[in-house]
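The values are calculated or read from the model by the stated rules, or taken from the named source; none is laboratory data. Predicted model only: the values in this text are computed from it and were never measured. All Cβ positions, glycine included, derive from the backbone under ideal geometry; neighbour counts span all protein chains shown.
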């Protein structure tokens, strides 16, 4: 009994490690894909959950014949899911009904949210006023360059220049390679 | 592992915002999903998006926003204390324990103006701070900015004049009579 329980714990632990590794590798990329194609952060987060579930199931079922093509498989799954959602209008509710026990309990972005918040605060404070405004509207409000341009009476091209400059300054300030 | 052709911040931001044409986006995706270096860049951007609200709330710098941004902030559960001021007016203001941001709407004749400087002048008439190139909110027609409550709570009671200028021309003076925060 003791061995069985121990083995169960090892198996569960290995599965959790597998989930965490998959999440760490692909969650941000899937989220970016979702933001691009769905234009809604909540839908994009649902996409992360659904794609990772599908990929995990496929991996455990041995359906992925060429493990070295995992990245391509993840991208293909993103495209298929978004296509299905747009075609049918269905989303997370169906998935929850089928796979509730598999849903990842971890917060969506433990690895994505690992920026040093104190340092980020100082770095944002160091931007010029207009740069701070563009960054806020881009990353807090999820506005694209045209939307920011309309709001601030700027040309879209100017918004992109300011945005790019602000990001480069932030990355340098945060100690990241630009 | 490094990347021979890393995705630039500009193009990655444009991709996230849905600004690329389909062919460009598709090509970028192929690279992004296959490249761990660029995947890490995407993760950095998501970290920035996740952290920006908290960082702004902790920050000390004046944050130019729009009325729509303020609506979004309010809707997301942030507590805003808001003041409207017109040229020549005196506004009584303070900050509460739960205020995440103080949001100020400066009304002025801003037709054709897309950029202003904001000058803060103390009771002795000395210029204390000048913030250059604040954008104007095209929809509301005001200059709108937020300051974190955390930054304002240590302020003593004071009177400050905020002056809007553009191209060397004064647009208006706004007097704020601030009462210091008192902890409950």
| note | Restricted to the stretch A:123-156 and to residues being more than 23 Å from the chain's Cα centre (by Cα) and outside any helix (DSSP H, G or I), the residue nearest to residue B:20 (Cα to Cα) is A:155
| Taking into account only those residues within the stretch B:1-27 that are in a helix (DSSP H, G or I) and over 21 Å from residue A:147 (Cβ atoms), which is farthest from the other protein chains (Cβ to nearest Cβ)? | B:23
| request: Residue by residue through the stretch B:55-78, note down the ones that are touching a residue at least 24 places away in the same chain (Cβ under 8 Å), more than 18 Å from residue A:170 (Cα to Cα) and more than 7 Å from every other protein chain (Cβ to nearest Cβ). | output: B:67, B:70, B:73, B:78
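Could you tell me whether any residue of the stretch B:32-54 is touching a residue at least 40 places away in the same chain (Cβ under 8 Å) and either more than 7 Å from chain A (Cβ to nearest Cβ) or within 29 Å of residue A:26 (Cα to Cα) (or both)?
Looking through the stretch B:32-54, none of the residues is touching a residue at least 40 places away in the same chain (Cβ under 8 Å) and either more than 7 Å from chain A (Cβ to nearest Cβ) or within 29 Å of residue A:26 (Cα to Cα) (or both).
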| remark: Selection from the stretch A:157-178 of residues within 23 Å of the chain's Cα centre (by Cα), within 10 Å of another protein chain (Cβ to nearest Cβ), part of a helix (DSSP H, G or I) and surrounded by fewer than 16 Cβ atoms within 10 Å (Cβ to Cβ) yields A:168
| request: Run residue B:67 past the list (1) in contact with a strand residue (DSSP E or B) (Cβ under 7 Å, 6 or more places away or on another chain); (2) at pLDDT 95 or above; (3) exposed (fewer than 15 other Cβ atoms within 10 Å of the Cβ) and report the number of the one that doesn't hold. | output: (3)
| From the options B:39, B:77, B:27, B:96, residue that is more than 21 Å from the chain's Cα centre (by Cα), surrounded by fewer than 20 Cβ atoms within 10 Å (Cβ to Cβ) and over 21 Å from residue A:152 (Cα atoms) | B:27
| field | In the stretch A:41-75, the residues that are more than 21 Å from residue B:34 (Cα to Cα), touching a residue at least 40 places away in the same chain (Cβ under 8 Å) and within 14 Å of chain B (Cβ to nearest Cβ) | value | A:41, A:43
